[in-house]
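Following: one structure in structure tokens, then a few remarks.
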Amino acid sequence: MSAIEPTQAAPADQDALAWEYAPAPESRDIVTIAPQYGLFIDGEFRPAAEGATFATLNPASEEKLAEVAKAGPADVDAAVTAARHAYDRVWGPMPGAERAKYLYRIARVLQERAREFAVLESLDNGKPIRETRDVDIPLAAAHFFYYAGWADKLEYAGFGLDPRPLGVAGQVIPWNFPLLMAAWKLAPALAAGNTCVLKPAETTPLTALLLAEVCQQVGLPPGVVNVLTGAGETGAAVVTHPDIDKIAFTGSTEVGKQIAAAAAGTSKKVTLELGGKAANVVFDDAPVEQAVEGIVNGIFFNQGHVCCAGSRLLVQESVADIVVERLQRRLTTLRLGDPLDKNTDIGAINSREQLDKITELSAAGDAEGARRWSPPCPLPGRGYWFPPTVFTGVSQSHRIAREEIFGPVLSVLTFRTPEEAVAKANNTPYGLSAGIWTDKGSRILWMAQRLRAGVVWANTYNRFDPASPFGGYQESGYGREGGRHGLAAYLDA
Amino acid sequence: MGIESLDRLAPGRAEFDVAEVATSDAGLRQVLHGLPGVDQVGVQERVAGLATRSVKKDSKLRALDLAIRMVDLTTLEGADTPGKVTAMCAKARHPDLADPPAPPVAAVCVYPDLVPVARAGVAGSDVAVASVATAFPSGRASLAVKLADVRDAVSAGADEVDMVIDRGAFLAGRYGQVYAEIRAVREACGPAHLKVILETGELATLDNVSRASWLAMMAGADFIKTSTGKVTPAATPAVALVMLAAVRDFELTAGRRVGVKVAGGIRTAKDAIRYLVLVNETAGPAWLTPRLFRIGASTLLNDLLMQRTKQRTGRYSGPDYFTVD
């Protein structure tokens, strides 16, 4: 009667199965990566005027994926000229209902080619296919669908009877959500009637270039969307070009400040979505199991390469031990490895540079006396990897509690009263997002009124919807993206 | 493993004596309502996330064999006959004579009057006999009748007893009554294993599922079980997740591993594997044994066998190649 032996607590049930999920890699054959990519200007791909190129790598293997054109000042000028021409002749005068048709087409093609985009994004960025497949790509399509709906209803958006587009938008986006950030920028700009010059991040240009192919596929008029690949200088050339009417930037606070300074005294409108050091506040009456999931999702989603990541866990002292213990147990189940494996939870760090930054800040945490913990987690031999890491015993004054790490590193602080939680949460130059975990609705509202953060999540974290505005306070930037509010950034309202 | 040795329960909270708190509804209420809350939206999200786990190739094959060994092959109909039960027992012992043959299931599950038939049917094998009891499925009978029902099943040879809790008493907050009933049934079971059916489809909230799980474990359950299979919804991944977290936390505080049985509505191998993923990543791999996880089902077994054949041969054979009893 082996099936009914007594269930006395045993060290390990002899019968229990050591059950490993077999590797389940998504096929990379679905996407064709060209050896060379040009710039997308005026509806066509062309090499850079100066012929410069740079390589883009797969951060999980350090293997070179493709050689990509590096746009110089002449290319920026050509792209802005094409965008201006398209704005004056085609896209600006086009009725909103007609613009909407193009946006709907882009959205549908993104859905049709979702697997292709997901695989390419995972290859170029290092994030797990589970996330690109279930979050990045569907959300990118959702943004195009959402703003397509606004294109012919702008007079009802609350910005006056006849809101006008701004003209040519220069848009510089980061490497953490390459396609999604492109969608956040392009969809509202195009819906409002602007034309765009988009500069994807140096380390993740490929999905923006595939999106450019989609623009060709749907017959978007030439010059409406231009994609210039390159590094920081290319971005600087785009935002300082005199014929750009609008600058939209997502990236580091440091670069954001430079852009704001460069735009000062010009007629350019600017929206900036910058860094963050969000507090995820867990009260003693929180649903512990789900709060732990929310903490994991808050800081380990996309390897912590998220500007709104819940990188500071503020936990009420009476439950601090149990929350940390359960968090650690949960972290031992995370699966780190091949981003293309469908069961991978934690992928690769996007670049050597970012890995060095995470390593340096974590070392500062050790040096300042915080206690570091990581689950037993072998790292692959090649590529850029960092294990999920939790620092306990962190003080507000520690660098790991103040500076944005932008990696899978969580700092745990405790608090006693709700007032202290608010004070600590707000004690940062940033103000992008925050999380609250409690069973009390009244406390959620009380906290949300006091937290200086553009987005406050209650009993959830890192939830995004195209209908919901997103943006920051203080050094996390200004302007909102998403929702009706997101239109304001692209209308002369 | 006696409940009396359980000196500390809800983690991080004051120590207390279970025997003492169990003497009153108020004492039990304090413990059960002091458990951390369960957020329904968060549970759904986690379940949806785990449902995307990809189980292929060798790991799928192992999962299928494990799932077969976890099946409580069940027939609980008014129309059950000794012949049907005998045939089911034969199937339970040798589900499929493929090469290599499929492993036997964990148990057969029948009404108390058919326990002797089942006992004879599985004689000489490792397959256990489980019997529902305590006025299954409604539980609407006096305690005396319920206990007689249990003794009847055990004396007829049941190795395992699946009891139902009094949902009315639980929902009305009469926790003491539910506790006392489970204790009494536990006594009446003697050496037989006790599975306590929470009937989660009638408990309305996941908070209640968590509380009922703890109440049953405190009262001495060997297994907590989702459903009778007679009420919709029966087992759901969300409910299973909450119960698996409860048994995991109970072990951490009480030092005793309690099993989980999901029952009702699990018909495909795909569903069964998803439950195994929940077990693996919530309670932990220690629960991946028929001793601690069971799936109550009737039609599931054939789909497991069919998928097993497919996985081994690369070909699907029709349902006619698998016996229907």
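The values are calculated or read from the model by the stated rules, or taken from the named source; none is laboratory data. A quick note: this is a predicted structure, and the numbers were derived from the prediction, not measured. Because the Cβ atoms are built from the backbone with ideal geometry, glycine has one as well, and the counts that use them run over all protein chains shown. These accessible areas exclude ligands, DNA and RNA; they are computed on the full protein's heavy atoms, side chains included. Shrake-Rupley method; radii C 1.70, N 1.55, O 1.52, S 1.80 Å.
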Please give the charge dipole size of chain A, origin at the Cα centre, charges +1 on K and R Cβ atoms and -1 on D and E Cβ atoms. Round to the nearest 20 debye. 1000
Residues whose built amide H sits under 5 Å from the amide H of B:Gly265, excluding neighbours closer than 5 in sequence, are none
Per-peptide average of other Cβ atoms within 10 Å, ordering B:94-107, A:28-41 highest first: B:94-107, A:28-41
Excluding the sites themselves, what is the longest stretch of chain B that contains no GluC sites (Glu not before Pro) in a DSSP loop with at most 15 other C-beta atoms within 10 Å? B:78-325
Measuring with a 1.4 Å probe in the full set of protein chains, what accessible area per residue, in whole Å², belongs to the protein assembly as shown? 36
In degrees from 0 to 90, rounded to the nearest 10, what is the angle of the helix A:96-112 Cα long axis to the longest principal axis of chain A? 40
Nearest-0.05 FRET efficiency for B:Lys310 and A:Ala467, computed from C-beta distance (R0 45 Å): 0.55
Spin-label point model (7 Å from Cα, Cβ direction): what's the B:Lys84 to A:Glu44 distance in nm? 7.6
Folded to 0 to 90 degrees: helix A:288-300 orientation relative to chain A principal axis, Cα: 40
Isotropic mean projected area of the C-alpha convex hull, the stretch A:301-357 (nm²): 5.2
How much length is gained if the chain between A:Ala55 and A:Asp29 is pulled fully straight, taking 0.36 nm per residue apart and subtracting their Cα-Cα distance, in nm to one decimal? 7.3 nm
Could you give each residue of the stretch A:63-68 its phi-based ³J(HN,Hα) in whole Hz, using Karplus coefficients 6.51, -1.76, 1.60 with θ = phi - 60°, and x for Gly or Pro? 7, 6, 8, 6, 9, 10
Charged-residue dipole, Cβ positions (Lys, Arg, Asp, Glu), chain B about Cα centre, Debye nearest 20: 960
Looking at the stretch A:279-465 only, what percent of DSSP beta bridges run antiparallel? Nearest 5 please. 10
Using the Karplus equation 6.51 cos²θ - 1.76 cosθ + 1.60 (θ = phi - 60°), what ³J(HN,Hα) coupling, rounded to whole Hz, does each residue of the stretch A:235-240 give in order, writing x for Gly and Pro? x, 5, 5, 5, 6, 9
Farthest towards the positive end of the dipole of chain B, among B:Val108, B:Val277, B:Val209 and with Cβ unit charges of +1 on Lys and Arg and -1 on Asp and Glu, lies the Cα of B:Val277
How crowded by other chains is A:100-110, given as the mean number of beta carbons from other chains within 10 Å of each beta carbon? 0
For chain B, shape from the Cα gyration tensor axes a ≥ b ≥ c, cut at a/c of 1.5 then a/b versus b/c, turns out oblate
Determine the percent antiparallel among the DSSP beta bridges restricted to chain A, to the nearest 5. 30
Using the Karplus equation 6.51 cos²θ - 1.76 cosθ + 1.60 (θ = phi - 60°), what ³J(HN,Hα) coupling, rounded to whole Hz, does each residue of the stretch B:29-42 give in order, writing x for Gly and Pro? 4, 4, 5, 5, 7, x, 5, x, x, 10, 8, 4, 4, x
Label A:Trp446 and A:Ser252 with points 7 Å out from Cα along Cα→Cβ: what is the distance between them in nm? 4.0
Candidate lysines - alpha carbon under 27 Å from B:Lys60, same-chain residues fewer than 8 apart omitted: A:Lys127, A:Lys342, B:Lys91, B:Lys225, B:Lys261, B:Lys270, B:Lys310
Answer rounded, prolate or oblate for chain A, using the Cα gyration tensor with square roots of eigenvalues a ≥ b ≥ c: rounded when a/c is under 1.5, else prolate when a/b is larger than b/c, else oblate. prolate
Would you give the gap between the C-alpha center of the stretch B:246-325 and the C-alpha center of the stretch A:304-382, rounded to a whole Å? 32
Listed by chain and number, the residues whose amide H is under 5 Å from that of B:Val161, excluding neighbours fewer than 5 places away on the same chain and using placed H, are B:Ser131, B:His193, B:Leu194, B:Lys195
What is the set of long-range amide H partners of A:Val281 at a cut-off below 5 Å, with H atoms built 1.01 Å from backbone N? A:Leu314, A:Gly435, A:Ile436, A:Trp437
